[in-house]
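Peer 1: Sharing a structure here in structure tokens format.
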Amino acid sequence: MEKGERMAKLFHVSDVHFGKEDKAAIAWFAERVEMEKPDAVIMTGDLTMRARTREFEAGGAWLKSLAAPVTVEIGNHDIPYYWDPIRRFIAPYTRYAAIERMIERPLELPGVTVVPLKTIARAQWRMNWSKGYVGRASLARALQLIADAPKGNLIFVAAHHPLIEAGTKGTAKTWRGEEALSELAAAGAHAVLSGHVHDPFDVPVHRSGRMIRMIGAGTLSVRTRNSPPGFNELRVHGDQFETLSRTQSDEPKHSISETVETSY
């Protein structure tokens with residue numbers, strides 16, 4: 001397929017928080033996937049509320065029911081908290097069996113590559129471990145996947161935390177996020193998709209002499225902030241893509257971005 005001919009539709013969903021999920025919203029999302037047939041679903045973390053086995057089982061069953069390829073990032077709510085320190089430090093991922101094959105799964109679609117970037121850590125040198133952290137090994141893996149992507153592909157990096165602040169009520173305060181954003185831009189990434197703050201956004205920023213977009217999805221949980229439950233739809237048209245904010249209302253899909261030329 002020639003670069004100018006590519007077309008794709010991606011659904012970007014985040015912060016479902018099984019245990020505090022909005023049941024009507026998650027049923028609506030599954031219905032949209034079934035009816036609209038996106039090329040892939042990108043889930044940017046916080047599938048669960050307390051990283052409990054039953055939450056992973058429910059979330060995993062929901063993701064597996066979706067009629068599309070799925071990749072899942074790990075959110076800060078997806079590993080045990082302070083009250084379960086042994087599991088957090090020794091075996092934080094033992095409850096992931098329901099979604100193991102989806103976790104940090106790179107996706108290759110016609111003209112589009114989705115690259116995972118882990119932004120959580122078992123411990124940090126600060127009190128609030130819910131905030132973002134980009135490890136050197138995680139960034140190196142993402143940069144290598146970008147280098148290995150087919151030449152001319154659009155590159156979407158999937159992470160849980162926004163790498164820098166996007167003007168939302170919630171914050172990420174991601175350590176080494178600015179450095180990571182610059183290196184991803186220099187490597188050729190076109191956008192970083194994230195969640196965590198529970199409100200949608202699409203913010204273009206310039207780093208390393210290039211423009212890279214920070215795109216955030218809202219939530220499908222009852223833990224809303226400034227926006228109702230929803231998800232993002234990314235539409236790729238040749239060398240351009242745009243972000244649409246989707247909610248359960250009868251209003252038309254709302255664009256939260258300009259359709260931006262990516263062949264710079």
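Peer 1: State the number of residues belonging to segment 90-143 that are closer than 25 Å to T171 by Cβ, modelled with pLDDT under 95 and among the aromatic types (F, W, Y).
Peer 2: The total comes to 2.
Peer 1: Check L193, L117, L154, L163 and return the single one that is more than 30 Å from R50 (Cβ to Cβ) and under 18 Å from the mean Cα position of the chain (by Cα).
Peer 2: Step by step, each of L193, L117, L154, L163 is checked, and only L154 is more than 30 Å from R50 (Cβ to Cβ) and under 18 Å from the mean Cα position of the chain (by Cα).
Peer 1: Let me ask something else about it. Report every pair of residues separated by at least 6 positions or lying on different chains whose Cβ atoms are under 6 Å apart, first residue within segment 109-129 and within 25 Å of H190 (Cα to Cα), second of a type outside the set (A, V, I, L, M) and modelled with pLDDT under 90.
Peer 2: Cβ pairs passing all conditions: P110/R6; G111/R6.
Peer 1: Within segment 171-193, identify whether any single residue is farther than 24 Å from L107 by Cα, hydrophobic (A, V, I, L, M, F, W, C) and either at pLDDT 95 or above or in contact with a strand residue (DSSP E or B) (Cβ under 7 Å, 6 or more places away or on another chain) (or both), and answer yes or no.
Peer 2: Yes.
Peer 1: Is it true that R246 is closer than 18 Å to T113 by Cβ, in a strand (DSSP E or B) and either modelled with pLDDT of 95 or more or of a type outside the set (A, V, I, L, M) (or both)? Walk me through how you get there before you give the answer.
Peer 2: Details: closer than 18 Å to T113 by Cβ: no; in a strand (DSSP E or B): yes; either modelled with pLDDT of 95 or more or of a type outside the set (A, V, I, L, M) (or both): yes.
In short, no.
Peer 1: Could I ask something else about it? So if I check each of A40, A68, A24, A61, which one is within 17 Å of the chain's Cα centre (by Cα) and surrounded by fewer than 19 Cβ atoms within 10 Å (Cβ to Cβ)?
Peer 2: Values: A40 fails: surrounded by fewer than 19 Cβ atoms within 10 Å (Cβ to Cβ); A24 fails: within 17 Å of the chain's Cα centre (by Cα); A61 fails: within 17 Å of the chain's Cα centre (by Cα).
The match here is A68.
Peer 1: May I pose another question? Quick check on segment 125-167: of everything there that is in contact with a Lys or Arg (Cβ under 6 Å, 6 or more places away or on another chain) and of a type in the set (G, A, S), which residue is surrounded by the most Cβ atoms within 10 Å (Cβ to Cβ)?
Peer 2: Per the stated criteria, the residue is S138.
Peer 1: Within segment 156-174, track down each residue that is over 16 Å from E73 (Cα atoms) and among the hydrophobic types (A, V, I, L, M, F, W, C).
Peer 2: Passing the criteria: I164, A166.
Peer 1: Still on this structure: Looking at segment 52-71, which of its residues are touching a Lys or Arg at 6+ places or on another chain (Cβ under 8 Å), modelled with pLDDT under 95 and either farther than 19 Å from K118 by Cα or assigned to a loop (DSSP other than H, G, I, E, B) (or both)?
Peer 2: R52, T53, A67
Okay, residues lined up against (1) on the phi < 0 side of the Ramachandran plot; (2) in a loop (DSSP other than H, G, I, E, B):
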| position | (1), (2) |
| --- | --- |
| A24 | yes, no |
| A27 | yes, no |
| A30 | yes, no |
| E34 | yes, no |
| P38 | yes, yes |
| V41 | yes, no |
| G45 | no, yes |
| R50 | yes, yes |
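The values are calculated or read from the model by the stated rules, or taken from the named source; none is laboratory data. Model, not experiment: these values are computed from the prediction. Backbone-built Cβ (ideal geometry, glycine too); neighbour counts: all protein chains shown.
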